[in-house]
Amino acid sequence: MDNNLARAMASLTSGIYVLTVREGARYHGMSSSWVTQVSGEPVMFTAAVDNAHFSNPVIARTRVFGLNVVGRRGKPLEDYFYSPRARREDNLDAVEFELSPTLQVPWLKLAMVAMEARVVDSFVAGDHTIFVASPVGVRVGENDRPLTSLDLEYVYLGGKEVFPRDRRGWD
């Protein structure tokens, strides 16, 4: 991706989330910034997951996942899930979580909001799968401001591409 296109894509700001999955006794989380609400009635949102990521086939098989909204106080979640330490199948051993009441997906204790969601549709879009989901249950934690891509020193652009923010050019 050329630098101008990378800068243009990096200017599409987004929230910072951790998607969590459970399959059997395995628990996994992944950093995600490609999440957005797409319907008000019924309430639905989408989450884009890299086709090569461990979570993708788990979501496709189980048709459920957790969406954890990362607040400013929860930035250590983003730091961990975006790090090489988290690039393994069963990676929730490093963070505190509880299982959601209905779908039994991991809710991270440091998340400002956690939702359990059921997949209602999906489709492949390039190197990612777009999962359309409907929230089933919600836990609202401490009052916090959601972390956004503007709070990070980098922007994920897909695959292995990361666009480093030059703070002088973005503030």
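Here are the numbers for the structure shown:
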| quantity | calculated |
| --- | --- |
| Of all residues in region 26-57 being without any contact (Cβ under 8 Å) to a residue 24 or more places away in the chain and in a loop (DSSP other than H, G, I, E, B), the one that is surrounded by the most Cβ atoms within 10 Å (Cβ to Cβ) | H53 |
| Pair list, Cβ under 9 Å, 6 or more apart: region 76-94 residue farther than 12 Å from S31 by Cα, other residue loosely packed, with under 11 Cβ neighbours inside 10 Å | D90/A25 |
| Those residues of region 136-152 which are surrounded by 15 or more Cβ atoms within 10 Å (Cβ to Cβ) and under 15 Å from the mean Cα position of the chain (by Cα), in sequence order | P146, L147, S149, L152 |
| Output for region 67-83, where each listed residue is modelled with pLDDT of 95 or more and of a type in the set (K, R) | none |
| Hits in region 13-24 (condition: out of contact with any Asp or Glu (no Cβ under 6 Å at 6 or more places or on another chain), in a loop (DSSP other than H, G, I, E, B) and touching a residue at least 24 places away in the same chain (Cβ under 8 Å)) | T13, S14 |
| Residue in region 8-25 that is within 23 Å of A125 (Cβ to Cβ), of a type outside the set (D, E, K, R) and touching a Lys or Arg at 6+ places or on another chain (Cβ under 8 Å) present | yes |
| Of the criteria (1) in a helix (DSSP H, G or I); (2) closer than 24 Å to N143 by Cα; (3) over 16 Å from the mean Cα position of the chain (by Cα), which one M9 fails | (2) |
| Count of residues meeting criterion [assigned to a helix (DSSP H, G or I) and crowded, with 19+ Cβ neighbours inside 10 Å] in region 59-77 | 3 |
| Any hit, region 84-92, residues being among the hydrophobic types (A, V, I, L, M, F, W, C), surrounded by 13 or more Cβ atoms within 10 Å (Cβ to Cβ), at pLDDT 95 or above and assigned to a helix (DSSP H, G or I) | yes |
| Hits in region 7-25 - residues which are closer than 23 Å to E98 by Cα, surrounded by fewer than 18 Cβ atoms within 10 Å (Cβ to Cβ) and touching a helix residue (DSSP H, G or I) at 6+ places or on another chain (Cβ under 6 Å) | E23 |
| Any strands (runs of 3 or more DSSP E) falling wholly within region 94-171 and containing at least 1 residues that are closer than 17 Å to A47 by Cα and modelled with pLDDT of 90 or more | 106-108, 113-125, 128-140 |
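The values are calculated or read from the model by the stated rules, or taken from the named source; none is laboratory data. Everything quoted here is computed from the prediction, not taken from an experiment. As a convention, Cβ positions derive from the backbone with ideal geometry for all residues, glycine included, and neighbour counts pool all protein chains shown.
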